[in-house]
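The values are calculated or read from the model by the stated rules, or taken from the named source; none is laboratory data. Computed from a predicted model, the values in this text were never measured in an experiment. Note that we place each Cβ from the backbone using ideal geometry, even for glycine, and neighbour counts take in every protein chain shown. These area figures cover heavy atoms from the full protein model, side chains too; ligands, DNA and RNA do not enter into them. Shrake-Rupley method; radii C 1.70, N 1.55, O 1.52, S 1.80 Å.
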Amino acid sequence: MARLVACAVVRDDPPQVFVAEDLETLNWVLALQVVAATPGRNLPRRVRDDLRTALLEERWGDAVELWIVHGDIPVDVYEATDLVAPADVELAPAELQFRPLFED
């Protein structure tokens with residue numbers, strides 16, 4: 001059975017995909033891997049200072065939101081996405097007959 005996870009696509013070149021068990025954890029990994037990896041000299045002073053403050057205060061979601069709003073790299077965040085496991089695929093033959101393609 002599929003379970004819900006949070007994921008984000010940072011549409012950089014190349015794109016980066018991050019997956020976490022929940023939104024809070026996803027914000028943490030984005031703050032560490034994306035926000036904190038941005039050279040401070042590439043940001044306006046006010047934005048840089050606000051990002052540093054949010055990170056030092058462990059306000060991961062605020063830092064990510066600020067980075068997205070003031071950055072030039074689009075980020076798609078999905079709070080609840082199905083994570084499909086191999087066991088789910090085992091049910092495919094039984095499920096196929098109930099899919100729209102097989103309706104008459």
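Brief remarks on what is shown
- Each Cα pair under 8 Å and six or more residues apart adds its sequence gap; the mean of these over the residue count of the chain is a relative contact order of 40 percent.
- Dipole-positive endmost among 15, 27, 70 within the chain (Cβ charges, Cα centre): 70
- Folded to 0 to 90 degrees: helix 45-56 orientation relative to the chain principal axis, Cα: 60
- When only alpha carbons are used to place a centre, segment 1-54 and segment 75-91 end up 20 Å from one another.
- The tail of the calculated P(r) for the chain beyond 24 Å holds 39 percent of all Cα-Cα pairs.
- A simple charge model with +1 on the Cβ of Lys and Arg, -1 on the Cβ of Asp and Glu and nothing else charged puts the dipole of segment 64-104 at about 60 debye relative to its Cα centre.
- Simple label model, 7 Å out from Cα along Cβ direction - residue 11 to residue 33, nm: 1.9
- Accessible surface area normalised per residue over the chain is 74 Å², counting heavy atoms of protein chains with a 1.4 Å rolling probe.
- Accessible area of the chain belonging to carbon and sulfur atoms, whole % at 1.4 Å probe: 54
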